[in-house]
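Visitor: Sharing a structure here in C-alpha cells format.
The values are calculated or read from the model by the stated rules, or taken from the named source; none is laboratory data. What you are looking at is a predicted structure, and each value in this text was computed from that prediction instead of being measured. Glycine also receives a Cβ, built like all others from the backbone with ideal geometry; neighbour counts cover every protein chain displayed. These area figures cover heavy atoms from the full protein model, side chains too; ligands, DNA and RNA do not enter into them. Shrake-Rupley method; radii C 1.70, N 1.55, O 1.52, S 1.80 Å.
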Amino acid sequence: MPLIEVQNVTKVYPGEGVVTTALNGVSFTINAGEFVAIMGPSGSGKSTLLHILGFLDRHTDGIYRFEGKTIDDYSSIDIARVRNKKMGFVFQAFNLLPRTSVLENVKLPLLYSDIPESRWNAMALEAINTVGLEHRVQHEPAQLSGGEKQRVAIARALVNDPALIFADEPTGNLDSKSGQMVMNALQKLNEEHGHTIILITHETQTAEHAQRIIRIRDGMVEGDEKVAHRRVATMEFVK
Amino acid sequence: MKLSYSFSTAIAGLKTNKRRSMLTILGIVIGITSIILVMSLGAGAQDLILGQIKSIGAKTIAIIPGREPKGPTDIVASFADSLKQREFDALERKVNVPHLAKIMPIVFSSEAIANGSETYRATVFGATDLFTSLYNVYPAQGRVFTEEEIRGYAPVAIIGSKVRTQLFGDSDAIGQNIRIKGNNVRVIGVFGGQGQVSFVNFDEMVLMPYTTTQRTIMGIKHFNRLIAEADSEENVKTTVDDITATLRSLHNISDPTKDDFFIQTQAEALSTVGTITNALTLFLAAIAAISLVVGGVGIMNIMLVSVTERTREIGLRKAIGATEKEILTQFLMEAVTLTGVGGIVGVLLGGSLSFLASIILTHQLGRVWLFSLPISSIVLGIGVSAVIGLVFGIYPARQASKKSPMEALRYE
C-alpha cells in the first residue's frame, strides 16, 4: 500500500462570480521512504496540493488516500491527531514561537500528543541533536541565524517521529550556504532515519536534492520522473 | 493537552507581551480594589456601629412615645406625649413588670446655653444618674447629680467638653452658673472628650436631672423616652411583653396596631443597623462592579487584537496537531489568568488601602476602627474576576479556535 495515493484530485475555489481552479485532476502515488520534490512556478497549485496532502484543506473532487484512508474517514479531532502523530511541517517562514527557547519550540507538537510529559525533554533533545543544534538548546529564535531557525523547525517536525515530513520552500528565506545545511538535514532524515519527505519548491536546484520530482503547472501534473543526477548537500552543520 | 500545561502555555503567551498584559488587567484591578475596599470598609463601619449599640448593654429596653414609623413618609409625631409620670409609675411597680431592674425617664431639647455674653447651642438631656452608667460615661471633673437633687428639681448640670470650652475657655467651670432659657443652672461636672457614644454626642450636651429639665427648662409634662433595664438578658423578651401589656391596659388599647408607644431593644437595633449597612455595602459594591464590566470589555478587546496578531501561531499550533478545543482552552486560559491575576492584585491592593484607611479613621475618629477583610469578599473578588475572564474571553477564544491552519503556511 502506498503511503500517499492521489487520483484525479481537483480543487476549486468558488469566488464571487469567478471560479478559481487550483488543481485540475492530479494523480500520483508516493511510497514510504521516498524523498519527493513537488516543483512548479508560483500559482501552479503546489501549495494547494500541500494543504490537501497535509489534511489542512479538503479537495473538491477525486480521491486522496493517506495510509489508505481519506480525510472523510476522520473526525476533525482525529485529523488533528493524524497531523500530530504522522505528519511534520517545515515552513518557509520558520514559524517558531518568539521569546521561547529552542527546546520549548521543539517540544510544541508533544504538548498536543498523548506521549507522557516525562519523555518530552529527552525526545526534544534527541531531535535537536539530529539537526546538530545541541549547543543552542536554551537560545531563543531571535538569537539564531536563518539556517539555525529552519533546523529548529525541522527538529520540531521530526520530534514526534512522523512517517511523513512536508517541507514547504524550506530554503526560500535562506542564503545558499544555510540552504545547503537545511537540505543536508532533510537528506539525512530520509536516508538515515527513513522519513518520507515531500519537498515543495520552485527551484530546480533545490528539487534535485530529492530522488524524484513531480512537476506541477496550471493545476496539473506536467512530469513525474526520477532525478538522474541527484544533488547531495555536502555542507555539514557548523557547530 | 493537560490543563496544567495549557496554564503554563497561557502564562508564556502573556509574558511575551508583559506591558500590554499589565495594562489590560488595570480595569479589573481597579474594579476588584473598589469592591474589596467598599466591602472591607462596610464591615469596619458595621463593627463600629454595632459596637456602639452593644455598648448600651443587651438588657436595655427603650420605650418611645408615638406610633412606630412604618416608612420614611410616616408621621411619627402622633401620640408624642403618651408617656408621662403615670406610665413611669405603673411600669416601676413590680406587680406589673416583675423583671424590671431599673427605669429612667429621658427628656431632651436643643437649647441655647449662655455664660455671660458667650452662648452655645447644645442638646440638654434630662435623665437620672442611670444615664451615666448606661453609657458608661462619667464626668472627668466634678460629680453626677444625686437622688435628692433629682427629687428637689435642683438646677444643676454636667456639661460636655466642647460646651465647657465654648462658654468658659480655659478657666474652671465647676461651681460656675450658666443660663438656660432664663434659668440659672450650676455646673457640677464636666465630661472628658468622649465624642459620640452610641447616639449621644457627649461633647456637645448638657446633662441635668429630668425633673428640672422637664418642668423648668422645657415646661412639658411628658417624657421623650423611658429607658428600662431587665434584670437579665434572658428576661428582656418577657419584660418587653410585660411593659407592652401594662401600657396597653393603662391606655385601654385592645388593637395592637393602635399602640401609642413602641419598644426598641438592642437586638432589634442591631438587626436594623445590620440590615442598613449591609444594604449600603451591597449598593456601593454594585456600583464598583460596573467598572468590572468595563474592565471585561477591555479584556475582550485586547484578546481580539492578540488573536489577530497571533494568527500564525494559532495556525502553526493547529498544523502540528492542536484541536479547536485545545486552542479555545489556551486562549480562554489566558483571559482567565489575566483577570485572575487582576483579581488577586485587586484584593491585595483593596486590602492594603482598607488597612490604611482603618489606621487613618482610628486616628481621626479617636475610636478604634477595626480593619476587617471578610473572607467572603476575597473569594468573591477573585471568583468574580475569573468569571469575567471566562465570559469576556470566550468570544476571542472561539475566534482563535476557528482560525485555519493554512494561514500559518501563507507567507507574508
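Visitor: Do we find a residue being among the β-branched types (Val, Ile, Thr) and assigned to a strand (DSSP E or B) anywhere in segment A:36-53?
Guide: yes
Rundown of residues vs (1) part of a strand (DSSP E or B); (2) of a type outside the set (A, V, I, L, M, F, W, C), yes/no style:
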{"site": "A:Met1", "(1), (2)": "no, no"}
{"site": "A:Val26", "(1), (2)": "yes, no"}
{"site": "A:Ala32", "(1), (2)": "no, no"}
{"site": "A:Phe55", "(1), (2)": "no, no"}
{"site": "A:Gly62", "(1), (2)": "yes, yes"}
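Visitor: Does B:Lys18 fit the bill of being among the basic types (Lys, Arg) and out of contact with any helix residue (DSSP H, G or I) (no Cβ under 8 Å at 6 or more places or on another chain)?
Guide: yes
For every residue, the table says whether it meets (1) within 24 Å of A:Thr204 (Cβ to Cβ); (2) surrounded by 22 or more Cβ atoms within 10 Å (Cβ to Cβ); (3) more than 14 Å from chain B (Cβ to nearest Cβ).
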residue	(1), (2), (3)
A:Lys11	no, yes, no
A:Thr20	no, no, yes
A:Val26	yes, yes, yes
A:Thr29	yes, no, yes
A:Asp57	no, no, no
A:Thr70	no, no, yes
A:Asp73	no, no, yes
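Visitor: Additional query: Of the residues B:Asn252, B:Asn278, only one is at positive phi and either at pLDDT 85 or above or open to solvent by less than 80 Å² (accessible area, probe 1.4 Å) (or both); which?
Guide: B:Asn252
Visitor: Test A:Lys177 against the stated conditions and say whether it is open to solvent by 20 Å² or more (accessible area, probe 1.4 Å), closer than 17 Å to A:Phe89 by Cα and of a type in the set (D, E, K, R).
Guide: No; evaluated as a whole, the condition is false for this residue.
Visitor: If you don't mind, there's one more thing I want to ask. Within the bounds of segment B:363-373, is there any residue that is over 27 Å from B:Tyr5 (Cα atoms), in contact (Cβ under 8 Å) with a residue 60 or more places away in the chain and of a type in the set (D, E, K, R)?
Guide: yes
Visitor: Another question about this same structure. Any idea which residue in segment A:88-104 is farthest from A:Ala37 (Cα to Cα), counting only those that are among the small types (Gly, Ala, Ser) and more than 7 Å from chain B (Cβ to nearest Cβ)?
Guide: Top of the filtered list is A:Ser101.
Visitor: Oh, and also: If a residue counts only when it is among the aromatic types (Phe, Trp, Tyr) and under 28 Å from the mean Cα position of the chain (by Cα), which strands (runs of 3 or more DSSP E) contained entirely in segment B:75-149 have at least 1 such residues?
Guide: Result: B:100-115, B:118-127.
Visitor: Being at negative phi and under 23 Å from the mean Cα position of the chain (by Cα): is that true of B:Ile359 here?
Guide: So B:Ile359 passes the test.
Visitor: Among the residues of segment A:105-118, what is the count of those that are over 13 Å from A:Leu158 (Cα atoms), facing chain B (nearest Cβ under 8 Å) and in a helix (DSSP H, G or I)?
Guide: Qualifying residue count for the region: 2.
Here's the yes/no breakdown for (1) modelled with pLDDT under 80; (2) within 14 Å of chain A (Cβ to nearest Cβ):
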site	(1), (2)
B:Leu3	yes, yes
B:Met22	no, no
B:Asp47	no, no
B:Gly66	no, no
B:Val76	yes, no
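Visitor: Same structure, new question: Among A:Ala207, A:Ala233, A:Ala228, A:Ala157, which is within 14 Å of another protein chain (Cβ to nearest Cβ) and either over 25 Å from A:Ala127 (Cβ atoms) or buried (at least 16 other Cβ atoms within 10 Å of the Cβ) (or both)?
Guide: So the residue among A:Ala207, A:Ala233, A:Ala228, A:Ala157 that is within 14 Å of another protein chain (Cβ to nearest Cβ) and either over 25 Å from A:Ala127 (Cβ atoms) or buried (at least 16 other Cβ atoms within 10 Å of the Cβ) (or both) is A:Ala157.
Visitor: Do we have B:Thr246 as surrounded by fewer than 18 Cβ atoms within 10 Å (Cβ to Cβ) and of a type in the set (Val, Ile, Thr) here?
Guide: No, not satisfied.
Visitor: So, one more: Scan segment A:160-173 residue by residue and report those that are at pLDDT 90 or above and either of a type outside the set (Val, Ile, Thr) or open to solvent by 50 Å² or more (accessible area, probe 1.4 Å) (or both).
Guide: Residues satisfying the conditions are A:Asn160, A:Asp161, A:Pro162, A:Ala163, A:Leu164, A:Phe166, A:Ala167, A:Asp168, A:Glu169, A:Pro170.
Visitor: Take segment B:142-187 and flag every residue that is open to solvent by less than 10 Å² (accessible area, probe 1.4 Å), without any contact (Cβ under 8 Å) to a residue 60 or more places away in the chain and under 21 Å from B:Thr211 (Cα atoms).
Guide: Scanning segment B:142-187 gives B:Val156, B:Ala157, B:Ile158, B:Ile159, B:Gly160, B:Val185, B:Val187.
Visitor: Please determine whether any residue of segment B:353-374 is under 19 Å from B:Gly27 (Cβ atoms) and either small (Gly, Ala, Ser) or open to solvent by 10 Å² or more (accessible area, probe 1.4 Å) (or both).
Guide: yes
Visitor: Residue by residue through segment B:107-133, note down the ones that are closer than 25 Å to B:Asp81 by Cα, open to solvent by 10 Å² or more (accessible area, probe 1.4 Å) and in contact with a strand residue (DSSP E or B) (Cβ under 8 Å, 6 or more places away or on another chain).
Guide: The answer is B:Phe108, B:Ser109, B:Ser110, B:Glu111, B:Ala112, B:Arg121, B:Thr123, B:Phe125, B:Thr128, B:Leu130.
Visitor: Are there any pairs with C-beta distances below 6 angstrom linking a residue in segment B:203-219 that is of a type outside the set (Phe, Trp, Tyr) to a residue that is in a helix (DSSP H, G or I), with the two at least 6 apart or on different chains, and if so which?
Guide: B:Asp203/B:Ser161; B:Asp203/B:Lys162; B:Glu204/B:Lys162; B:Pro209/B:Glu149; B:Pro209/B:Ile150; B:Thr211/B:Ile150
Visitor: Another question about this same structure. Against the condition more than 8 Å from chain B (Cβ to nearest Cβ), within 27 Å of A:Gly33 (Cα to Cα) and open to solvent by 10 Å² or more (accessible area, probe 1.4 Å), how does A:Lys85 come out, does it pass?
Guide: No: the conditions fail for A:Lys85.
Visitor: Let me ask another. If A:Glu192 satisfies every condition in (1) touching a residue at least 24 places away in the same chain (Cβ under 8 Å); (2) more than 14 Å from chain B (Cβ to nearest Cβ); (3) under 19 Å from the mean Cα position of the chain (by Cα) but one, which is the exception?
Guide: Condition (1) is where A:Glu192 drops out.
Visitor: Next question, about the same structure. When you go through (1) more than 14 Å from every other protein chain (Cβ to nearest Cβ); (2) out of contact with any Gly (no Cβ under 9 Å at 6 or more places or on another chain) one by one for B:Ile314, which number turns out not to apply?
Guide: Here B:Ile314 meets the rest and fails (1).
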